[in-house]
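The values are calculated or read from the model by the stated rules, or taken from the named source; none is laboratory data. Keep in mind that this is a model prediction, so the values were computed, not measured. Note: ideal-geometry Cβ built from the backbone for every residue, glycine included; neighbour counts use all protein chains shown.
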Amino acid sequence: MSKKVLIVGGVAGGASAAARLRRLDEDAHIVMFERDPYISFANCGLPYYIGGSIQDRSKLLVQTPEAMHKRFNIDVRIQSEVVSIDPVNKKVRVESIEKGSYEESYDALILSPGAKPIRPNLPGIESSKIHMLRNIPDTDKVKAKVAAEGTRSAVVIGGGFIGVEMAENLREAGLEVSLIEAGPQILAPFDTEMSSILAKELDEHGVNLIFSDMVQGFAEVGEQIQVQLASGTVLQSDMVLLAIGVSPDTSFLKDSGLEFGPRGHIVVNERMETNLDQVYAVGDAVEVVDFVNGTKTAIPLAGPANKQGRIAADNVSGLGTTYKGSQGTSIIKVFGVTGASTGNNEKTLQRLGLPYHVIYIHPSSHATYYPGATPISMKLIFDPKGTVLGAQAVGYSGVDKRIDDIATVIRFRGTVTDLTELELSYAPPYSSAKDPVNMAGFAAENILQGLTTVFVPKDLEGRDKNNTILVDVRSEIEHANGHIEGSINIPVDDLRGRLNELDPSKEIWVYC
Ligand code: FAD
């Protein structure tokens, strides 16, 4: 008898699961429920449609219910919300705009309900001038508001990926934009010094950045809305985009007997099985293992959701595929700059009390003699045995492939020596004979082998100025253009001949 599989959620994880299931089992009866009118749309493209880089709305609709039915024979039911599940009798209850309320039975159930934007309970939060961005209907509203006559300004609340992408795209759409972030930095996967480069790019493109300030309430004033901050600052604009994070969209499951983690994520094992018989869960709604440090975490990204959907389908079909954890590899475009990161950052390692070393390098994206080379700021984090724990990079080009190389090494639990040994593609327009990833490995190995001792920016605060000398070995022009206070300049090419200028009884700190 053919197996009946129900899927809740028709976008990243749900649609991946459905397609994989069909490829594995031509006879299965697969029903996919989606609360909204659209399935399998490009969530990640929504900000770029609002900003105008993606012009054609239909490009956001990667699949339609009709096409999915035609190609995969999936019974797609849109505007159909699953409101509860009954794991004892293996049934779900559905509220459908077309069919009303009904029950549907299952042999296996895959939950991929995703995560919803957090809407804090603040005064004035119900204003229609406050928007959030999760799906196509939200996008249509924001796009219409941006295009409306008289819309000139926006306040974005939250400096995460969606907040920053929206700040950029609202600016691209011609609005005056302020971005408010409660913490001291934007983009939490990066450490502060790396994210500050991305913040500078926002600032240089006219985004008014406000850090370390909390929104306390909203008030409509005529056609505009005021945003009141804890500091007393009041911002007034035509619209607000609220993007302070997401929480698992699992309230319909609360009485199901499912096990949840501390922040409401569904607990699953590595086969994406929940604690309930034949109930699987994937995507933004589930708790995962941090691949680097082994703790439980939740990482709402499209890559993990798609892979987990595929793995759940494999297990429904009897293939024992497993999901081994998420490492949070992510990337963002901020106007002309790209930032990418993978693995653990310093903040995470400090919180967990894990030992690590850090190196920074600033290689060029490709051979400097070939036109167009630009610098990349790279940070590599590794443990005392050399295992790579994380990396972050910011630059104009070539950032993505460097972080992806390092992400791959992390996946194989590789070391800094592995980075030195990677044989990467090279011709002058693309890289250098020693790729930046190799260079990061060399610099890290030098530390582990005791060949160099490094200081990082935060060590400057504790520098004993009486017993150390800070030497800037860049050119005179570079030094004149800006340098660390208290440093003396001896260009590297002159250093050997000018060593007598340095007091050998003092520790010499060199930087470039
Ligand atoms: P979703 O894709 O959110 O799908 C869940 C679906 O389930 C929803 O459509 C919802 O309506 C439906 N649903 C929920 N409950 C029910 C119910 N009870 N009954 C029926 N249907 C239900 N990730 C990246 O890696 N890179 C990016 O650049 C990126 N950009 C993003 C930009 C935006 C604006 C957004 C919103 C997200 C972005 N993401 C990005 C995150 C990525 O989209 C998510 O990680 C991914 O979509 C999660 O997949 P999912 O299947 O868990 O949930």
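Just give me the residues in region 359-377 being without any contact (Cβ under 8 Å) to a residue 60 or more places away in the chain and either charged (D, E, K, R) or assigned to a strand (DSSP E or B) (or both), in sequence order.
P375
Only one residue in S101, S96, S80, S84 is within 14 Å of the ligand (Cβ to nearest atom), surrounded by 13 or more Cβ atoms within 10 Å (Cβ to Cβ), farther than 27 Å from I299 by Cβ and without any contact (Cβ under 8 Å) to a residue 40 or more places away in the chain. Which one?
The match here is S96.
Taking L133, is it within 14 Å of the ligand (Cβ to nearest atom), out of contact with any Gly (no Cβ under 8 Å at 6 or more places or on another chain) and either without any contact (Cβ under 8 Å) to a residue 40 or more places away in the chain or not in a strand (DSSP E or B) (or both)?
yes
Which one is nearest to G10 (Cα to Cα) among residues in region 88-123 that are among the polar types (S, T, N, Q) and assigned to a strand (DSSP E or B)?
S96
Which one of these is out of contact with any His (no Cβ under 6 Å at 6 or more places or on another chain) and either closer than 18 Å to T387 by Cα or not in a helix (DSSP H, G or I) (or both): D464, D493?
The unique qualifying residue is D464.
Residues being within 22 Å of the chain's Cα centre (by Cα) and more than 14 Å from the ligand (Cβ to nearest atom): count how many of those fall in region 275-296.
8
Confirm whether G320 is in contact with a His (Cβ under 9 Å, 6 or more places away or on another chain), more than 16 Å from the ligand (Cβ to nearest atom) and either farther than 19 Å from A12 by Cβ or in a strand (DSSP E or B) (or both).
no
Return the only residue of G14, G51 being touching a residue at least 12 places away in the same chain (Cβ under 8 Å), near the ligand (Cβ under 10 Å from one of its atoms) and in contact with a helix residue (DSSP H, G or I) (Cβ under 8 Å, 6 or more places away or on another chain).
None of the other options fit; the residue is G14.
Filter region 479-502 for residues that are under 25 Å from G462 (Cα atoms) and of a type in the set (D, E); which is nearest to the chain's Cα centre (by Cα)?
E485
Given I266, I244, which one is within 16 Å of the ligand (Cβ to nearest atom) and under 30 Å from S153 (Cβ atoms)?
I244
For F412, work out the one condition from (1) crowded, with 19+ Cβ neighbours inside 10 Å; (2) more than 25 Å from F161 (Cβ to Cβ) it doesn't fulfil.
Here F412 clears every test but (1).
Would you check if A115 is within 14 Å of the ligand (Cβ to nearest atom), at pLDDT 95 or above and closer than 30 Å to I225 by Cβ?
yes
Return only the number of the condition from (1) surrounded by 14 or more Cβ atoms within 10 Å (Cβ to Cβ); (2) free of Cβ contacts under 8 Å to residues at least 40 places away in the same chain that K70 does not satisfy.
Of (1) surrounded by 14 or more Cβ atoms within 10 Å (Cβ to Cβ); (2) free of Cβ contacts under 8 Å to residues at least 40 places away in the same chain, only one is false for K70: (1).
Mind listing whichever residues of region 132-154 are closer than 20 Å to L235 by Cα and more than 21 Å from the chain's Cα centre (by Cα)?
Matches in region 132-154: V142, K145, V146, G150, T151, R152, S153, A154.
Could you tell me whether any residue of region 337-352 is assigned to a loop (DSSP other than H, G, I, E, B) and within 30 Å of T452 (Cβ to Cβ)?
Within region 337-352 (the criterion being assigned to a loop (DSSP other than H, G, I, E, B) and within 30 Å of T452 (Cβ to Cβ)), the answer is yes, since at least one residue qualifies.
Scan (1) among the hydrophobic types (A, V, I, L, M, F, W, C); (2) surrounded by 24 or more Cβ atoms within 10 Å (Cβ to Cβ); (3) within 16 Å of the ligand (Cβ to nearest atom) for the single condition V155 breaks and write down its number.
Condition not satisfied by V155: (3).
Working only within region 415-440, note down all residues that are closer than 20 Å to G372 by Cα and over 26 Å from the mean Cα position of the chain (by Cα).
Residues satisfying the conditions are S425, Y426, A427, P428, P429, S432, A433, K434.
Can you give me the number of residues within region 182-212 that are touching an Asp or Glu at 6+ places or on another chain (Cβ under 8 Å) and either among the charged types (D, E, K, R) or free of Cβ contacts under 8 Å to residues at least 12 places away in the same chain (or both)?
Result for region 182-212: 1.
The rows are residues; the columns are (1) crowded, with 20+ Cβ neighbours inside 10 Å; (2) of a type in the set (A, V, I, L, M); (3) assigned to a helix (DSSP H, G or I).
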position	(1), (2), (3)
T139	yes, no, yes
K143	no, no, yes
I162	yes, yes, yes
M194	yes, yes, yes
L209	no, yes, no
Q236	no, no, no
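Given the conditions (1) among the aliphatic types (A, V, I, L, M); (2) within 29 Å of G206 (Cα to Cα); (3) in contact (Cβ under 8 Å) with a residue 40 or more places away in the chain, which single one is not true for L349?
Tallying (1) among the aliphatic types (A, V, I, L, M); (2) within 29 Å of G206 (Cα to Cα); (3) in contact (Cβ under 8 Å) with a residue 40 or more places away in the chain, L349 fails exactly one: (2).
Matching residues to (1) crowded, with 16+ Cβ neighbours inside 10 Å; (2) within 16 Å of the ligand (Cβ to nearest atom); (3) within 16 Å of the chain's Cα centre (by Cα); (4) at pLDDT below 95:
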{"position": "D314", "(1), (2), (3), (4)": "yes, no, no, no"}
{"position": "K347", "(1), (2), (3), (4)": "no, no, yes, no"}
{"position": "P355", "(1), (2), (3), (4)": "no, no, no, no"}
{"position": "I361", "(1), (2), (3), (4)": "yes, no, no, no"}
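Taking V31 as the residue in question, decide whether it is within 10 Å of the ligand (Cβ to nearest atom), touching a residue at least 12 places away in the same chain (Cβ under 8 Å) and either assigned to a strand (DSSP E or B) or more than 21 Å from D255 (Cα to Cα) (or both).
Judged against the criteria, V31 is not a match.
Counting just the residues of region 378-405 that are part of a helix (DSSP H, G or I) and in contact with a helix residue (DSSP H, G or I) (Cβ under 6 Å, 6 or more places away or on another chain), which one comes out surrounded by the most Cβ atoms within 10 Å (Cβ to Cβ)?
Only one residue tops the list, namely R402.
Taking region 231-274 as the region of interest, how many residues are on the phi > 0 side of the Ramachandran plot and more than 21 Å from the chain's Cα centre (by Cα)?
3
Considering S40, S58, which residue is of a type in the set (S, T, Y), more than 14 Å from the ligand (Cβ to nearest atom) and closer than 28 Å to A243 by Cβ?
S58
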